[in-house]
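Notes follow the structure.
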């Protein structure tokens, strides 16, 4: 059963149609990418899920029904605008936020110690939040989001200010929560993180659904018939079934003849004695798809 079901939800602010007949589902045990350019309607959609805004039309079901106060204790939300109390020690701040989610003191302290040690914040637990680096505060905000073990996690730009080591730690933590059956909505502009983490994505623009589905299905819609090859030696100038060979920094892009098939090209190369370490159909990165689809919609709307 879906954790979230949104059916034809719309929201207008004055002359601005922020969300327009938007439908989607979020399942347990998945990381769901909510994507779109600035002003696309992502934050408005999240706020409708959280019952901060009421939709003008359409229906939203969260945790098997309408949102209520009790359900909010089963949701973890990390907005882009961070909400830590700056003038109190980190441990006190996080324990207070845990209490707001209904956690008793003993459980909160036990959970907090585990998270502080895991995210390398235990030694700074007595420092005031404002004395911590931006990366440390980012990790602390994530603890506040996860400490009460919510069924639904909504995180906005979770990797801001994190170095590569801490980015990897946070990614593994999110994957762990997914594997425990949590539903995670991740809104970010970092497409590389989406490609690594998200099971399915929703791309919205001008409040409308533009792309929706698994990453693999979406990328296959935009895949070309070109082949990317990494050989151990230089490729010959002519390969049967290949119209053009382009060299790309140690790799090659093979543009196929109209009737050629990738498996036959691979067979031809092996028979020609070409040793290959990589052979794959060229799939555009999500960042390229994002830009292309948004630009197409802009051109269509502008005539």
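The values are calculated or read from the model by the stated rules, or taken from the named source; none is laboratory data. Fair warning: this is a prediction, and the values are worked out from it, not measured in the lab. Heads up, the Cβs are rebuilt from the backbone with ideal geometry, glycines too, and the neighbour counts pull from every protein chain shown.
Could you please let me know if residue 12 is without any contact (Cβ under 8 Å) to a residue 40 or more places away in the chain, outside any loop (DSSP other than H, G, I, E, B) and in the same structural domain as residue 197 (by TED's automatic domain parsing)? If you could, list the steps in order and put the result at the bottom.
On the way: without any contact (Cβ under 8 Å) to a residue 40 or more places away in the chain: no; outside any loop (DSSP other than H, G, I, E, B): yes; in the same structural domain as residue 197 (by TED's automatic domain parsing): yes.
It is false that residue 12 is without any contact (Cβ under 8 Å) to a residue 40 or more places away in the chain, outside any loop (DSSP other than H, G, I, E, B) and in the same structural domain as residue 197 (by TED's automatic domain parsing).
Any idea how many residues of segment 120-134 are touching a residue at least 40 places away in the same chain (Cβ under 8 Å) and not in a loop (DSSP other than H, G, I, E, B)?
3
So which strands (runs of 3 or more DSSP E) are wholly in segment 135-234 and hold at least 2 residues that are touching a residue at least 40 places away in the same chain (Cβ under 8 Å) and surrounded by fewer than 19 Cβ atoms within 10 Å (Cβ to Cβ)? Can you show your working first?
Working: elements: 152-156, 183-187, 200-205, 208-214, 227-231.
Per the criteria, 208-214, 227-231.
In segment 101-120, how many are crowded, with 19+ Cβ neighbours inside 10 Å and more than 22 Å from residue 138 (Cβ to Cβ)?
Total meeting the criteria: 0.
Can you name the residue in segment 267-284 that is free of Cβ contacts under 8 Å to residues at least 24 places away in the same chain and either assigned to a helix (DSSP H, G or I) or under 30 Å from the mean Cα position of the chain (by Cα) (or both) and, of all such residues, is surrounded by the fewest Cβ atoms within 10 Å (Cβ to Cβ)?
Step one: of segment 267-284, the residues free of Cβ contacts under 8 Å to residues at least 24 places away in the same chain are 267, 270-271, 273.
Imposing the further condition that a residue be either assigned to a helix (DSSP H, G or I) or under 30 Å from the mean Cα position of the chain (by Cα) (or both) reduces the set to 267, 270-271.
On the way: 267: 13, 270: 12, 271: 9.
So the residue we want is 271.
Run down 46, 60 and say which single residue is under 24 Å from residue 214 (Cα atoms) and within 18 Å of the chain's Cα centre (by Cα).
Numbers: 60 fails: within 18 Å of the chain's Cα centre (by Cα).
Being under 24 Å from residue 214 (Cα atoms) and within 18 Å of the chain's Cα centre (by Cα) holds for just one of 46, 60, which is 46.
Give the residues of segment 85-99 that are under 23 Å from residue 157 (Cβ atoms) and surrounded by 18 or more Cβ atoms within 10 Å (Cβ to Cβ), sorted by residue number.
Within segment 85-99, the subset under 23 Å from residue 157 (Cβ atoms) is 85-86, 90, 93-94, 97-98.
Scanning segment 85-99 gives 90, 93, 94, 97, 98.
I'd like the full set of residues that are part of a loop (DSSP other than H, G, I, E, B) and without any contact (Cβ under 8 Å) to a residue 60 or more places away in the chain, limited to segment 49-81.
Result: 51, 52, 53, 54, 55, 56, 65, 66, 67, 68, 81.
Could you list, in sequence order, the residues of segment 98-119 that are free of Cβ contacts under 8 Å to residues at least 40 places away in the same chain and either out of contact with any helix residue (DSSP H, G or I) (no Cβ under 6 Å at 6 or more places or on another chain) or not in a helix (DSSP H, G or I) (or both)?
Within segment 98-119, 99, 100, 104, 105, 106, 107, 109, 110, 111, 113, 114, 117 qualify.
If I go through segment 15-35 residue by residue, how many of them are exposed (fewer than 15 other Cβ atoms within 10 Å of the Cβ), on the phi < 0 side of the Ramachandran plot and in a strand (DSSP E or B)?
Residues flagged as exposed (fewer than 15 other Cβ atoms within 10 Å of the Cβ), on the phi < 0 side of the Ramachandran plot and in a strand (DSSP E or B) within segment 15-35 amount to 2.
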